[in-house]
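Undergrad: First, the structure itself, so that you have it in front of you.
The values are calculated or read from the model by the stated rules, or taken from the named source; none is laboratory data. Note that the coordinates shown come from a computational prediction; the quantities given were computed from them, not determined experimentally. Neighbour counts are summed over all protein chains in view; Cβ atoms, including those assigned to glycine, are modelled from backbone coordinates with ideal geometry. These area figures cover heavy atoms from the full protein model, side chains too; ligands, DNA and RNA do not enter into them. Shrake-Rupley method; radii C 1.70, N 1.55, O 1.52, S 1.80 Å.
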Amino acid sequence: MVDRGSLSGLTLESAEPALAIVPDGTPSEFRVSNARFQNNPPDSVLPTIRGGAIRVTGTLVVEDSVFTDNGTESGEGGAIYGYNSSITVRRSLFQGNLAEGGAAIYAGNETWGDTSAGETIVVENSTFQGNVVNGGAGWSWSVGGAIGLNVTNGSLVIRNSTIVDTGFAPVVPARGAVRVESGTARIFNTVLAKNDPVLDDLSGTFAEVSYSLLEDRGTPTITTSSHLIEGEDPLLGPLAPNGGPTDSMLPLPGSPLIDAGKRFGDALTDQRGFLRTVDFPTLPNADDGDGTDIGAVEVQDPAPPQDRDHLADEWRDLRPGPTRRGRKGPDVIVGTSGNDRINGGAGNDVICGGPGNDKLKGGPGKDKLFGGPGKDRLIGGPGKDKLKGGPGRDIERQ
């Protein structure tokens, strides 16, 4: 247990938690840099925890660090738990962490305990991939998937980051990959995509969401939104060593993220420490944007090919797996016998999921969606749509 100071260049593993920060009554700050937190607590110990890797009361700054396989099935904050705290995370990776709620980061009121006086979370140039919420352990799942905030006098800011592949098990009523139960939240230039079909990207109340990609927005309350890309596959490469101290996910050629955002905050580099912004003159910018790439990683020279739409479609056609996306005109798309994710895109589409637990999205246009056998989720989108779930427990939403 510490109250102030710093930690750099170390690996902390198999502890409960690996680091506990508790002030001695005077204002203090603890800084973590170039560190790795893994398997906290160890697999042989499965208590109800709050903060598998770090539990903080006070001020915490984390930079260029990795949090992987931390947390347990019960409790909040699989990697970081904050109570009466100020948490800042820059250029870091959260991968495969587990909690009952807030699998990567949670700050705020204790679900079955005391009330926080106030919390601040700032996340910048960071990647959250494959973190898992165990929603069946209790009721803490209401505080969020990867990131959760739950305190009236609280603030959450996420900018220039990537939040993908958030898992959820078992299947019970779910909340968002980012959940704001109470407090003020703003999201800028961030990717939210490929999260579990029962998890919306966002849940709760947000003051502003701008220059971001939301593949499955859900039904959050957003006071101000602008320059959003919705229902699109971000075309991200796998988590890999793309340079810098932590693994990241690089936008592929034809990605809608490239040059479609705007840089927020003071950072002049991306997660890897590479230059941000690189504005390619052959690609269009978003209205009032500056050519920044949406997400944690900025594509560098050489410039990607100009024919973005053609390359994106070509890559989708060649890519294995159950995700499919239609083009701009009317499409007829038939799924496989597995669990399919099908986005019709613009146009009057006919989409048949087939057997399996499918997620079908019509998009703009007059669409017909047929789920088939299995537990399906049908989302019509704008337009006069026809939705038919078929056998199984289905969710239908216009």
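Undergrad: Can you tell me which residue within the range 25-68, out of those that are at pLDDT below 95 and of a type in the set (Gly, Ala, Ser), is farthest from the chain's Cα centre (by Cα)?
TA: Ranking the candidates gives Gly25 first.
Undergrad: Let me ask you something else. Answer with yes or no whether Asp259 is among the charged types (D, E, K, R), open to solvent by less than 40 Å² (accessible area, probe 1.4 Å) and farther than 21 Å from Asp279 by Cα. Break it down into steps so the answer makes sense when it comes.
TA: Details: among the charged types (D, E, K, R): yes; open to solvent by less than 40 Å² (accessible area, probe 1.4 Å): yes; farther than 21 Å from Asp279 by Cα: no.
Judged against the criteria, Asp259 is not a match.
Undergrad: Let me ask another. Taking the range 145-167 on its own, how many of its residues are at pLDDT below 95 and under 14 Å from Ala193 (Cβ atoms)?
TA: Of the residues in the range 145-167, 5 are at pLDDT below 95 and under 14 Å from Ala193 (Cβ atoms).
Undergrad: Touching a Ser or Thr at 6+ places or on another chain (Cβ under 8 Å), part of a strand (DSSP E or B), among the hydroxyl-bearing types (Ser, Thr, Tyr) and at positive phi - does that describe any residue in the range 184-207?
TA: No, because not a single residue in the range 184-207 is touching a Ser or Thr at 6+ places or on another chain (Cβ under 8 Å), part of a strand (DSSP E or B), among the hydroxyl-bearing types (Ser, Thr, Tyr) and at positive phi.
Undergrad: Does any residue in the range 84-96 that is within 25 Å of Gly243 (Cα to Cα) come within less than 6 Å, Cβ to Cβ, of a residue that is of a type in the set (Ser, Thr, Tyr) and open to solvent by less than 50 Å² (accessible area, probe 1.4 Å) six or more places away or on a different chain, and which pairs are these?
TA: What qualifies is Val89/Ser126; Ser92/Ser65; Ser92/Ser126; Leu93/Thr127; Leu93/Thr246; Gln95/Thr68; Gly96/Thr68.
Undergrad: Out of all the residues in the range 74-98, which are touching a Lys or Arg at 6+ places or on another chain (Cβ under 8 Å), open to solvent by 10 Å² or more (accessible area, probe 1.4 Å) and within 24 Å of Gly9 (Cα to Cα)?
TA: Passing the criteria: only Arg91.
Undergrad: Go over the candidates Gly101, Gly108, Gly9, Gly71 one by one and state the one that is modelled with pLDDT of 85 or more, buried (at least 16 other Cβ atoms within 10 Å of the Cβ) and not hydroxyl-bearing (Ser, Thr, Tyr). Spell out the reasoning first.
TA: Details: Gly101 fails: modelled with pLDDT of 85 or more; Gly108 fails: modelled with pLDDT of 85 or more; Gly9 fails: buried (at least 16 other Cβ atoms within 10 Å of the Cβ).
Within the list Gly101, Gly108, Gly9, Gly71, the selection yields Gly71.
Undergrad: Filter the range 114-139 down to the residues that are assigned to a loop (DSSP other than H, G, I, E, B) and among the aliphatic types (A, V, I, L, M), then identify the one that is modelled with the highest pLDDT. Let's see the steps before the verdict.
TA: Within the range 114-139, the subset assigned to a loop (DSSP other than H, G, I, E, B) is 114-118, 125-126, 130-131, 135-139.
Still in the list and also among the aliphatic types (A, V, I, L, M): 117, 137.
On the way: Ala117: 73, Ala137: 47.
The extreme case among them is Ala117.
Undergrad: Would you pick out the residues in the range 216-266 that are in contact with a Leu (Cβ under 8 Å, 6 or more places away or on another chain), free of Cβ contacts under 8 Å to residues at least 40 places away in the same chain and in a strand (DSSP E or B)?
TA: Ile222, Leu228, Glu230, Ala240
Undergrad: So in the range 168-203, with the set limited to residues that are modelled with pLDDT of 90 or more, in contact with a Lys or Arg (Cβ under 7 Å, 6 or more places away or on another chain) and of a type outside the set (Asp, Glu), which one is most open to solvent (accessible area, probe 1.4 Å)?
TA: Only one residue fits best here, namely Phe188.
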